[in-house]
Amino acid sequence: MQKKRYYVDMEQAGMGISEVQTGENTIQYAVDVTPEEKEELEKQIDEVKHEDASGGEILARAVDERNADAAKDKMQVKMDNLYKKIFEVGTPETKDFIREIRSDLV
């Protein structure tokens, strides 16, 4: 199946995947993916965004450190999985960059 280049934006405000590379002030990860791989990336991005947005209980979590720690751990696992997937389908430049910033994952 033919792969197509996309750019994954990890900025919390605009986290997503796009066919267009944006300005130089944004960190984007170039990936070459099949439609199925793109769908998997989108699913993982949505999970991270949902986990981040589900912080509606932030005030309650601030009082209960165990819940706050569990929420942070859950979010970190989702972020780690997303970075692993980006590394898996990333361009050589993307893989080099992820090796530099997240050597614990690769």
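Computed values, structure above
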read-out	value
Selection within the stretch 1-18 - modelled with pLDDT of 95 or more and assigned to a loop (DSSP other than H, G, I, E, B)	LYS3
Criterion (open to solvent by 30 Å² or more (accessible area, probe 1.4 Å), at pLDDT 95 or above and at negative phi) met by exactly one of GLU57, GLU36, GLU47	GLU36
Cβ-Cβ under 6 Å pairs, at least 6 apart or on other chains, the stretch 4-15 side in contact (Cβ under 8 Å) with a residue 24 or more places away in the chain, far side of a type in the set (Lys, Arg)	MET15/LYS49
Candidate set: the stretch 19-33, residues that are closer than 12 Å to GLU88 by Cα and of a type outside the set (A, V, I, L, M, F, W, C); chosen: the one modelled with the lowest pLDDT	TYR29
Every residue from the stretch 87-96 that is open to solvent by less than 80 Å² (accessible area, probe 1.4 Å) and assigned to a helix (DSSP H, G or I)	PHE87, VAL89, THR94, LYS95
Selection count, the stretch 66-98, where residues are over 13 Å from the mean Cα position of the chain (by Cα) and free of Cβ contacts under 8 Å to residues at least 12 places away in the same chain	10
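The values are calculated or read from the model by the stated rules, or taken from the named source; none is laboratory data. Every value quoted in this text rests on a predicted model; they were computed, and no experiment measured them. Please note: Cβ atoms are built from the backbone with ideal geometry, for glycine as well, and neighbour counts cover all protein chains shown. Remember, those area values only see protein heavy atoms, side chains included, never the ligands or the DNA or RNA. Shrake-Rupley method; radii C 1.70, N 1.55, O 1.52, S 1.80 Å.
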